[in-house]
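Report on the structure given below.
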Amino acid sequence: MTPNIEFKTKKITICTDFDKDLKLYSLPEKLRLKIVKSKKFEIINFDYNNPMCKEAIIYWGNLIDDKRIKFLKNLKWIHLGSSGYDKIKKKNSISSIKLTRSKGIMSNSVAESVFNFIFIFLRRFDRCSVLRNKKMLNRKKFDIYFDEVKNIKDCNFLVFGYGDISRSFISKLNHFLRKIDIVRESLKDSNINKVNKFYLKKKKKFHYDFVISFLPEKKKYNNFFNLNFFKKMKNDSFFINVGRGSVVNEKDLYISLKKNIILGAALDVFKNEPLKNTNPLLSLDNCLITPHIAGLFNQYWRLQERLFLHNLKNFLSNKKLKNVVYL
């Protein structure tokens with residue numbers, strides 16, 4: 001149980017890692033000024049070499065991990081700018097720290113990014129790009145892909161993970177399909193068919209047109225999608241990953257795409273980011289790749305500001321916070 005916190009006249013230090021040269025990871029100056037205007041707060045960028053960071057009461061960002069938590073000895077509240085908290089491995093390290101996340105803010109964006117991948121594959125618009133680059137873009141040349149063009153209602157889906165983002169995607173997919181198979185430990189939704197992952201391992205072949213991963217970063221999921229898994233998929237099926245890059249064996253995926261074991265893949269996340277230009281997956285025209293931008297959208301900071309300021313106000317008055325994580 002986190003004890004009540006009393007704040008009197010002392011200025012409260014907020015430590016942030018929103019200091020990158022990217023709009024999604026850079027704290028807007030207007031928001032920074034809005035917070036420090038009251039003179040109750042100061043906002044500093046995280047830096048191991050800055051002793052002021054050790055005075056921080058609040059951490060706001062995405063890169064907090066066990067090492068940073070140990071360094072920031074005075075932390076009382078951590079607010080994550082995303083929904084994932086897999087960088088925090090030692091649960092006892094934050095037993096006296098409140099932890100909140102930005103649950104739901106990016107859910108629609110990631111879900112819509114997945115649909116974007118799906119419809120590109122269904123209509124084979126990716127083949128149009130290939131034909132265009134070869135200066136062969138016409139209906140006659142495209143005709144060889146006729147049998148690969150499908151409607152979404154005629155497809156079978158297998159979804160891994162059932163967190164906030166996955167649920168947002170599935171709720172939208174339900175507009176097209178009655179049943180969706182999902183791999184998750186517990187599930188009560190009547191419109192979803194739970195599939196045991198051990199059952200999948202025993203299966204010789206999958207009947208799914210799309211396999212989509214929303215899995216978080218956990219040791220038990222490391223390289224879960226490997227050559228053995230891809231060989232079980234239909235040779236006209238697609239794999240999509242918007243969860244964590246660690247769940248995919250990239251070498252095995254490359255082989256699967258190169259040898260047409262599966263028809264295509266779409267990836268927004270990778271084991272090592274940013275993706276190197278030498279990554280062999282970039283050489284494949286049946287692999288759609290985006291640079292971890294599935295959750296990006298222009299209203300992020302408006303929603304982030306609303307959530308953070310609400311929680312900041314409640315934190316100061318020892319009231320209930322939104323999106324609390326209980327580890």
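Provide the gained length on full extension for the span residue 49 to residue 178, in nm with one decimal, where the gain is 0.36 nm per separating residue minus the Cα-Cα distance.
Taking 0.36 nm per residue and subtracting the Cα distance, the gain is 40.9 nm.
Which value in Å is the Kirkwood Rh of the chain over different Cα pairs? Please list the in-between numbers first.
Numbers: mean 1/r = 0.0456 Å⁻¹.
When all Cα pairs of the chain are included, the Kirkwood radius is 21.9 Å.
Run the helix sum for the chain: -39,500 (n - 2.57) per DSSP H stretch of 4+ residues, divided by residue count, reported at 222 nm to the nearest 500 deg cm²/dmol.
-8000 deg cm²/dmol
Collect residues whose amide H, placed 1.01 Å from N in the peptide plane, falls under 5 Å from the amide H of residue 78; neighbours closer than 5 in sequence don't count.
Under 5 Å from the amide H of residue 78: 59, 98, 99, 100.
For the stretch 72-82, just list the computed ³J(HN,Hα) in residue order, Karplus coefficients 6.51, -1.76 and 1.60, θ = phi - 60°, integers in Hz, with x standing in for Gly and Pro.
8, 5, 9, 4, 10, 8, 10, 10, 8, x, 10
Scanning the chain for helices, which whole DSSP H stretches are 18 Å or more long along the axis (Cα) and average -1.0 or more by Kyte-Doolittle?
Details: long enough: 107-122 (22 Å, 1.33); 300-316 (24 Å, -0.45).
Long hydrophobic helices here: 107-122, 300-316.
Taking the Cα centre of the chain as origin and charging only Cβ (+1 Lys, Arg; -1 Asp, Glu), how large is the dipole, in debye to the nearest 20?
Details: 66 positive and 30 negative charges, 133 e Å.
Dipole about the Cα centre, nearest 20: 640 debye.
Quick one: dipole size for the stretch 63-195, taken about the Cα centre, charges +1 on Lys/Arg Cβ and -1 on Asp/Glu Cβ, in debye to the nearest 20.
On the way: 30 positive and 13 negative charges, 91 e Å.
Dipole magnitude for the stretch 63-195 comes out near 440 debye.
Which links in 23/87; 10/76; 20/89; 39/90; 76/322; 37/91 stretch past 26 Å when you go from one Cα to the other?
Listed pairs above 26 Å: 39/90; 37/91.
Name the long-range amide H neighbours of residue 288: under 5 Å, sequence gap of 5 or more, or other chain; modelled H, no Pro or chain starts.
Residues meeting the criterion, in which the H sits 1.01 Å from N, are 265, 266, 267.
Here, each number is a calculation from the coordinates, and none is a lab measurement. It should be emphasised that the depicted structure is a prediction, and the values quoted were computed from it without experimental measurement. Quick reminder, even Gly has a Cβ in these numbers, built from the backbone with ideal geometry, and neighbours come from all protein chains shown.
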